[in-house]
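So the structure is just underneath, and the comments pick up after that.
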Amino acid sequence: MALTLYNTFNRRKERFEALAPPRVTMYVCGPTVYSYPHIGNARPAVVFDVLARLLRRTFDLEYARNITDVDDKINAAAQEQGVDIGEITEHFAHVYAEDMRALGVAPPDMEPRVTEHMDDIIRLIGELVDKGNAYEAEGHVLFSVPSFAAYGGLSNRSRHEMLAGARVEVAPYKQDPGDFVLWKPSDATTVGWDSPWGRGRPGWHIECSAMARAKLDRSIDIHGGGQDLIFPHHENEIAQSTCANDAQYARYWVHNGFVNMETEKMSKSLGNVLLVRDLLKTAPGEAIRLGLLSAHYRQPLNWTEQLLREAKKRLDGFYGVLLAAELGPAAGSTAEVPAEVIAALEDDINTPQALTALSALARQANRASDSDKGELRRLAALLRAGGVMLGLLKQNPEDWFKRGPTAPLNPDDAKPAMEDSVIDALLAERERHRQERDFEAADRIREQLEAHGIVIEDGPGGASWRRK
RNA sequence: GGCCACGUGGCGGAGUGGUUACGCAGCGGUCUGCAAAACCGUUUACACCGGUUCAAUUCCGGUCGUGGCCUCCA
């Protein structure tokens with residue numbers, strides 16, 4: 001099987017072919033660092049993390065995900081708090097990295113920041129001006145959309161259609177209503193850089209074009225991001241980069257769907273956001289990650305408490321297999337990734353199908369668990385390898401069951417925490433009662449533990465416990 | 001108004017021109033001192049109307065509905 005990806009540009013699934021194998025270049029639009037990431041922001045990070053893991057199996061991947069640290073929303077936040085923008089961006093870049101790590105997202109190979117590529121941005125704008133694709137007007141530099149005949153190819157709309165639906169006032173200095181800003185002037189109180197067009201700062205779209213070229217190449221294999229970036233952001237990137245580089249900008253455009261709250265898009269402007277760090281207080285990072293992977297990446301995902309609960313239970317099932325097989329932590333595992341998992345992921349990153357393959361392995365393993373320990377261990381190792389491929393099942397199963405969430409999903413379910421040593425002591429006491437066939441006393445201890453969210457499981461090797 | 005998705009069983013969610021998705025929940029059973037876990041079995045699915053076809057949930061057209069983009073947004 002070969003990798004196929006849905007290419008937004010052609011609106012169909014296509015077989016992936018690298019421009020210059022074994023090298024593959026991938027650029028994904030990363031965060032603008034001015035606030036805490038919400039679960040919707042986490043989706044592309046997780047999805048492209050899975051794609052990156054898949055690509056690394058067969059290619060020499062160069063994966064860049066930018067950090068936008070110059071932006072008017074950052075400026076607004078900095079002015080409001082009376083601090084330098086660097087304080088805001090440093091803080092939230094750190095928060096983003098922490099939250100993504102908690103979700104099992106491996107850092108990309110490169111995380112370029114806009115402020116570190118101002119020279120590249122200014123050079124790129126200069127090239128566009130020289131080529132006649134951009135012009136200066138009232139301190140601004142604008143991209144001339146009519147100069148790029150293929151404009152609208154990604155979002156599948158003509159300039160005429162866009163004008164019909166335009167809801168924004170057209171700035172008077174624009175030669176064409178569709179023209180967009182590459183560089184804009186900064187006043188004395190706003191952060192700015194010296195340029196041939198005066199002190200100013202970059203517009204929204206140019207930084208990705210500049211960093212993709214600086215960090216990867218003039219022509220890249222895969223460009224990813226959320227569906228809301230298709231227009232205007234990615235459309236404008238194509239215009240800038242194609243004109244400046246005289247080359248196809250990106251061969252495959254991959255866009256993830258939104259995370260919704262009650263079927264409505266989660267967005268900062270609507271205020272209906274669920275922060276990753278708040279979710280991490282209620283559930284393990286792997287459960288949140290599995291929740292994000294439980295629907296196909298292009299489908300909308302309705303984020304609910306039930307979704308998260310089901311994700312956690314599914315992981316409980318998988319870890320139950322690993323525990324029975326006494327596998328321990330993931331490090332050092334040499335098992336091959338199951339072919340079904342690879343096949344599912346190669347089919348346009350079909351993560352629900354990959355999870356189905358894991359469930360099938362778990363069932364087979366459980367079936368074998370009583371009669372054939374060797375088979376159990378073999379299947380469990382496959383399950384683990386498939387899970388790790390998805391960024392899951394990396395923990396020691398014992399830790400998974402003994403370390404509950406720091407807070408329950410529902411505050412009403414709050415139960416007083418209990419020390420491991422206390423639990424172990426109570427369990428030993430219960431064992432004595434059971435030896436003496438005093439089941440009433442034994443059951444009282446179980447109820448006592450239950451009240452603390454602890455479940456006892458009696459097995460052939462004695463009793464064990466786990467946190468719900 | 002333009003463009004684009006989507007509408008699957010109690011819920012979530014894949015997929016396919018003719019064969020069990022899978023997960024969660026429910027019900028029955030095996031196991032267990034009782035449980036839990038696990039396993040086995042099980043419950044009315046493919047919005048509606050036409051068309052193509054030997055055969056459509058799957059292809060085509062229409063209707064209705066939901067959502068997204070067209071403006072900062074993953």
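Which one is farthest from RNA strand B (Cβ to nearest atom), of the residues in region A:139-157 that are under 13 Å from residue A:177 (Cβ atoms) and assigned to a loop (DSSP other than H, G, I, E, B)? Talk me through it step by step, then tell me what you get.
Going residue by residue through region A:139-157, those that are under 13 Å from residue A:177 (Cβ atoms) are A:142-146, A:151.
Within this subset, residues satisfying the condition of being assigned to a loop (DSSP other than H, G, I, E, B) are A:144, A:151.
Details: A:144: 17, A:151: 13 Å.
Out of the qualifying residues, it is A:144.
For region A:159-256, give me every one of the helices (runs of 4 or more DSSP H) that falls completely inside it and has 1 or more residues that are within 16 Å of RNA strand B (Cβ to nearest atom) and hydroxyl-bearing (Ser, Thr, Tyr).
A:206-215
If only one of A:403, A:467 is among the basic types (Lys, Arg), within 15 Å of RNA strand B (Cβ to nearest atom) and at pLDDT below 90, which one is it?
After applying the criteria, what remains is A:467.
Residue by residue through region A:59-83, note down the ones that are open to solvent by less than 10 Å² (accessible area, probe 1.4 Å) and part of a loop (DSSP other than H, G, I, E, B).
Correct list: A:66, A:69.
Can you list residue pairs whose Cβ atoms sit under 8 Å apart, with the first residue in region A:267-290 being within 14 Å of residue A:395 (Cβ to Cβ) and the second being surrounded by fewer than 15 Cβ atoms within 10 Å (Cβ to Cβ)? Count only pairs 6 or more apart in sequence or on different chains.
Short answer, once both residue conditions are applied: A:284/A:403.
Among the residues in region A:81-91, are any in contact (Cβ under 8 Å) with a residue 60 or more places away in the chain, aliphatic (A, V, I, L, M) and touching a strand residue (DSSP E or B) at 6+ places or on another chain (Cβ under 6 Å)?
No: zero hits.
Using the structure shown, decide if residue A:56 is free of Cβ contacts under 8 Å to residues at least 24 places away in the same chain, assigned by TED's automatic domain parsing to the domain that holds residue A:255 and part of a helix (DSSP H, G or I).
Details: free of Cβ contacts under 8 Å to residues at least 24 places away in the same chain: yes; assigned by TED's automatic domain parsing to the domain that holds residue A:255: yes; part of a helix (DSSP H, G or I): yes.
Yes: the conditions hold for residue A:56.
For region A:15-30, does any single residue satisfy the condition of being open to solvent by 30 Å² or more (accessible area, probe 1.4 Å), at pLDDT below 95 and aliphatic (A, V, I, L, M)?
No, that holds for no residue.
So which pairs qualify, if the first residue must be in region A:31-47 and in contact (Cβ under 8 Å) with a residue 12 or more places away in the chain and closer than 10 Å to residue A:96 by Cβ, the second must be within 7 Å of RNA strand B (Cβ to nearest atom) and open to solvent by less than 30 Å² (accessible area, probe 1.4 Å), the Cβ gap must be under 7 Å, and the two must be at least 6 apart or on different chains?
From region A:31-47, the pairs are A:37/A:31; A:41/A:31.
Find the residue count for region A:258-282, including only residues that are over 17 Å from the mean Cα position of the chain (by Cα) and away from RNA strand B (no atom under 12 Å from the Cβ).
2
Each row is one residue, and each column tells you yes or no for (1) touching a residue at least 24 places away in the same chain (Cβ under 8 Å); (2) out of contact with any Gly (no Cβ under 9 Å at 6 or more places or on another chain); (3) within 12 Å of RNA strand B (Cβ to nearest atom).
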{"residue": "A:419", "(1), (2), (3)": "no, yes, no"}
{"residue": "A:425", "(1), (2), (3)": "no, yes, no"}
{"residue": "A:433", "(1), (2), (3)": "no, yes, yes"}
{"residue": "A:438", "(1), (2), (3)": "no, yes, yes"}
{"residue": "A:446", "(1), (2), (3)": "no, yes, yes"}
{"residue": "A:449", "(1), (2), (3)": "yes, yes, yes"}
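When only residues in region A:1-17 that are over 14 Å from residue A:346 (Cβ atoms) and either of a type in the set (Phe, Trp, Tyr) or in contact (Cβ under 8 Å) with a residue 40 or more places away in the chain (or both) count, which is nearest to RNA strand B (Cβ to nearest atom)?
Residue satisfying both the conditions and the ranking: A:11.
Listed here are the residues, each with its yes/no results for (1) within 12 Å of RNA strand B (Cβ to nearest atom); (2) open to solvent by 30 Å² or more (accessible area, probe 1.4 Å).
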{"position": "A:297", "(1), (2)": "yes, no"}
{"position": "A:306", "(1), (2)": "yes, yes"}
{"position": "A:309", "(1), (2)": "yes, yes"}
{"position": "A:314", "(1), (2)": "yes, yes"}
{"position": "A:318", "(1), (2)": "yes, no"}
{"position": "A:321", "(1), (2)": "yes, no"}
{"position": "A:334", "(1), (2)": "no, yes"}
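Being open to solvent by less than 60 Å² (accessible area, probe 1.4 Å) and more than 14 Å from the chain's Cα centre (by Cα), is that true of even one residue in region A:285-295?
No, region A:285-295 contains no residue that is open to solvent by less than 60 Å² (accessible area, probe 1.4 Å) and more than 14 Å from the chain's Cα centre (by Cα).
Taking region A:84-96 as the region of interest, how many residues are within 30 Å of residue A:337 (Cα to Cα) and either among the charged types (D, E, K, R) or open to solvent by less than 10 Å² (accessible area, probe 1.4 Å) (or both)?
Residues in region A:84-96 being within 30 Å of residue A:337 (Cα to Cα) and either among the charged types (D, E, K, R) or open to solvent by less than 10 Å² (accessible area, probe 1.4 Å) (or both): 0 in total.
The values are calculated or read from the model by the stated rules, or taken from the named source; none is laboratory data. Since this is a predicted model, take the numbers as computed values, not measurements. Note that we place each Cβ from the backbone using ideal geometry, even for glycine, and neighbour counts take in every protein chain shown. In case anyone asks, the SASA skips ligands and DNA or RNA and just uses the protein heavy atoms, side chains included. Shrake-Rupley method; radii C 1.70, N 1.55, O 1.52, S 1.80 Å.
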